[in-house]
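Where a number appears in this text, it was derived from the coordinates with a stated rule and is not lab data. Values in this document were obtained by computation on a predicted structure and should not be read as measured data. Here the Cβ positions follow ideal geometry from the backbone for every residue, glycine too, while neighbour counts run over all protein chains shown.
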Amino acid sequence: MEKRWELRDIPNTDYLESLSKELNINKDLTALLLQRGITEFEQSKSFFRPSLSHLHDPFLMKDMDKAVNRLCEAIFSNTKILIYGDYDVDGTTSVSLMYGFLKSFSDHLEYYIPDRYTEGYGISTKGIEYAHDNGFQLIISLDCGIRAVDKAALANSYDIDLIICDHHIPGEQLPEAHAILDPKQPECPYPFKELSGCGVGFKLLQGFCMQNSIPLEQLYQHLDLVAVSIASDIVPIVGENRVLAFYGLKKLNHSPCPGLKALMEVSGLKNEIDISSIVFYLGPRINATGRLTHAHDSVRLLTAENDSETEAFASVLNAKNAQRKDFDKTITEEALSMVEEDESLKLAKSTVLFKNDWHKGVIGIVASRCIEKYYRPTIILTESKNKATGSARSIEGFDIHEAISSCSDLLEQFGGHTHAAGLTLPLENVAAFRQKFEKIVSETINLEILQPKLEIDLEVDLSFVNYKNYMIIKQMSPFGPQNLKPVFVTKNVKLKFPPKIIKDEHLKASFYQEGNHLAYEAIGFGLAEKSEDLLNHEVFQVVYQIEENTYRGNKSLQLNIKDIKFD
């Protein structure tokens, strides 16, 4: 699908000259900093040199004193503590962090991960009953709980204290918990609102260390888990998250915990680990067990200490991920065929598909795959417990939660946010829901956003692509939401040699620009169809990112092509 190119503005251009001189870098690189809100030397110093001293005082978070005091009391009185977390990557890394750190201070710890299929998301009645039946007096929930009003009441009825560590948006009513740690709750003065669930758990442990004069270096040994949560939960990599991710990646690359080391090995990761490596290789493997069987396998891996255990658990996760990919591929092919074979679905402004035997654990991934093909709000439904249950994914600029809410008369339950949601409805309502949802999308969506946007930071000449500039750009990492890897456009580009097609789908080419006959190697993943147009046009425009390629031990810069347009 053809993309709509959009060149980002450069704000605060009044600072361009002075900041460029102060930092002794060119104006193009300075413009990238201005786009990231950096206008002063001290800001840029913090940006280029993140420090753990930049982390905020955990006691700025509402209820932190209550939470730390209760945790200390529980540990010093040998109270049984249940660490409860969600079944996704953020939840399992949160539990692994909390359990892995606190087991040095208590022999009365257990962890609990709900079953996706029998208990569903968040704190479950079964989980509270388990705590009660087994004599737990304190539950620490991680990456869930902010909306668990009835479950908190159940815990209170059993005299179980609940500390909620969450990062999701609260509902109108807060649970009656012993302490709630969530920067997004009303009247919380904590200065950074975008922590992952694991990040909130980290802040609780940071407070615990500070109150008990435990060296923070002991806690920093677990930052690799925090980095995995930040990358996988797609939270903004700015502010405190950027500091945590920066040091977590250092830990991952130099001395990862045994479980992550084993997972990196079975994933075949050999080069330097970055945010993308986590998103595409580590995160899906950790997630796979919760999608297909039970996520406690992931926690076992992440908390294991000897090599034989970690190898065995990593192999289990790798096998589950391979199985998940098979389900994903098969169901995606079926879903795309359903659209292609139905003219009304092909012409629709939304995609709503149902098949009763699709695997519930992968339908969210399938929804995302369908968006890659058709780029429109998408809902994939399957049958579970005699109901239709589904996952919804949206495109930039369209609130899918609001659209689903407009169909609430046909639903039994739904929840989520602007970009993603879950829903359940009676089987007999599927056809009516599809029709109503399509009507609402058609009436409310801005047609322009149905064409995917490719956001470009700067227009530069190919001469900008050199190691001096690349090394400065690299220092802007870790890259992720709100600090994306810079994207460039160059015009008046020509083909140096005929392009090659690799594995039937990828494009390999060599470019140059008028007045600069130096050849720039380029790779375009999934862009093989551009090959013929390249041969038929003398001049074109290229959008790309700059990356380092390693081949047989030799390193060189290459352009990672995102799109090509022909004049």
Computed for segment 151-273: size of charge dipole around the Cα centre, +1 on C-beta of each Lys and Arg, -1 on C-beta of each Asp and Glu, debye to nearest 20, value 480 debye
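Name the trypsin sites (Lys or Arg not before Pro) in segment 151-209 that are in a loop by DSSP and that have at most 16 other C-beta atoms within 10 Å, would you? Please report the intermediate quantities before stating the final value.
Working: sites: 151, 184, 193, 203; in loops: 184, 193.
Sites meeting the loop and neighbour criteria: 184, 193.
Determine the gain in length on full extension of the stretch residue 234-residue 551; use 0.36 nm per residue of separation and subtract their C-alpha separation, reporting nm with one decimal.
On the way: separation 317, 0.36 × 317 = 114.12 nm, distance 3.03 nm.
Roughly 111.1 nm would be gained on extension.
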Mean Cβ-within-10 Å packing, highest first, puts peptides 356-362, 451-457, 168-174, 287-293 in the order 287-293, 356-362, 451-457, 168-174
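Evaluate the Kirkwood expression for the hydrodynamic radius of segment 342-450, namely the inverse of the mean inverse distance over all pairs of different C-alpha atoms, and round to one decimal in Å.
Working: mean 1/r = 0.0738 Å⁻¹.
Kirkwood radius, segment 342-450: 13.6 Å.
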Burial-style ranking of 533-540, 484-491, average other-beta-carbon count within 10 Å with highest first, yields 484-491, 533-540
Across the alpha-carbon set of segment 120-229, Rg over Rh with Rh taken as the Kirkwood radius works out to 0.98
Expressed in angstrom, Rg and Dmax over the Cα atoms of the chain are 25.1, 78
One point scatterer per Cα, no solvent, Debye formula: log10 I(q)/I(0) for segment 252-336 at q = 0.24 Å⁻¹ comes out as -1.15
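What is the antiparallel percent of DSSP beta bridges lying wholly in the chain, to the nearest 5? The partial results should precede the final answer.
Values: 48 of 77 bridges.
So the antiparallel bridges in the chain amount to around 60 percent.
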Of 26-34, 152-160, ordering from highest average Cβ density within 10 Å down gives 26-34, 152-160
Rounded to the nearest 500, the 222 nm mean residue ellipticity computed for the chain from DSSP H runs (n ≥ 4, each -39500 (n - 2.57)) alone is -12500 deg cm²/dmol
If each part is reduced to its alpha-carbon centroid, segment 9-88 and segment 461-488 end up apart, in Å, by 20 Å
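Work out the length of the dipole vector of segment 341-392 about its Cα centre, built from +1 on the beta-carbon of each Lys and Arg and -1 on the beta-carbon of each Asp and Glu, and round it to the nearest 20 debye. Display every interim value, and only then the final one.
Details: 9 positive and 6 negative charges, 43 e Å.
Computed about the Cα centre, the dipole is about 200 debye.
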Those trypsin sites (Lys or Arg not before Pro) from segment 84-148 that are DSSP loop and have at most 16 other Cβ neighbours within 10 Å turn out to be 103
Going from the fewest other Cβ atoms within 10 Å to the most, one would list 44, 384 as 384, 44
To the nearest 20 debye, segment 342-450 has a Cα-centred charge dipole, built from +1 on Lys and Arg Cβ and -1 on Asp and Glu Cβ, of 280 debye
The value for segment 129-177 (convex hull of the alpha-carbon atoms, volume per residue, Å³) is 59 Å³
Check: C-alpha center segment 543-561 vs C-alpha center segment 133-189, spacing in Å is 48 Å
extent check for segment 58-316: Cα max minus min per principal axis, descending, whole Å, gives 51, 37, 35
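Please go through segment 1-102 and write out the GluC sites (Glu not before Pro) that DSSP classes as loop and that have at most 11 other C-beta atoms within 10 Å. Mind showing how you got there, number by number?
Values: sites: 2, 6, 17, 22, 40, 42, 73; in loops: 2, 40.
Within segment 1-102, the qualifying GluC sites (Glu not before Pro) (loop, at most 11 other Cβ atoms within 10 Å) are 2.
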